[in-house]
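Trainee: Below you'll find the structure I mean.
Only the coordinates and a few stated rules stand behind these numbers; no lab work does. It should be emphasised that the depicted structure is a prediction, and the values quoted were computed from it without experimental measurement. Here the Cβ is made from the backbone with ideal geometry for all residues, glycine too, and neighbour counts use every protein chain on show.
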Amino acid sequence: MPENGKWRAPCQAIRDYSPQPKSPKSCMTLSVPEPEAQKIVHCVVDLLKQQRESLGWSQRSLAARAGLDPKTVNLIERKDRSPTLFTLALLSEAMGIRLSELLGKAELAIEK
């Protein structure tokens, strides 16, 4: 049943659901040891950064719109932190991009 008779946006519903990991192995942080997978993550991050810059937004502005800490966006764009799927969904939604479209573009860019 919706809260207060109102439906929440999909990402808000996801944001409200935050299961606690039961062990370090179930942690939601993406660890990508494979070189090919790392290429995809880096390409997705590059595409997000390009989109943010084309919108004329600062990292702080994007973080605010996505409901994230600005430091998180900075670490992701510097590739010092791998984004979780949840974080990618928040960032892409904030910029008006479907996550599936973003992942598809990254895959095509790597295949070239």
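Trainee: With the crude spin-label approximation of a point 7 Å out along Cα→Cβ, what separation in nm comes out for Arg60 versus Glu107?
Mentor: Inter-label distance under the simple model: 3.8 nm.
Trainee: Taking the simple approach of a point 7 Å from Cα along Cα-to-Cβ for both His42 and Asn74, what is their distance in nm?
Mentor: 2.3 nm
Trainee: If you project the alpha carbons of segment 47-112 onto the principal axes, what extent comes out on each, in Å, largest first?
Mentor: 32, 23, 20
Trainee: Between beta-carbons, use under 12 Å as the cut-off and find the net charge around Ile110, counting Lys and Arg +1, Asp and Glu -1.
Mentor: Details: positive: Lys39, Lys105, Lys112; negative: Glu36, Asp46, Glu107, Glu111.
Neighbourhood net charge equals -1.
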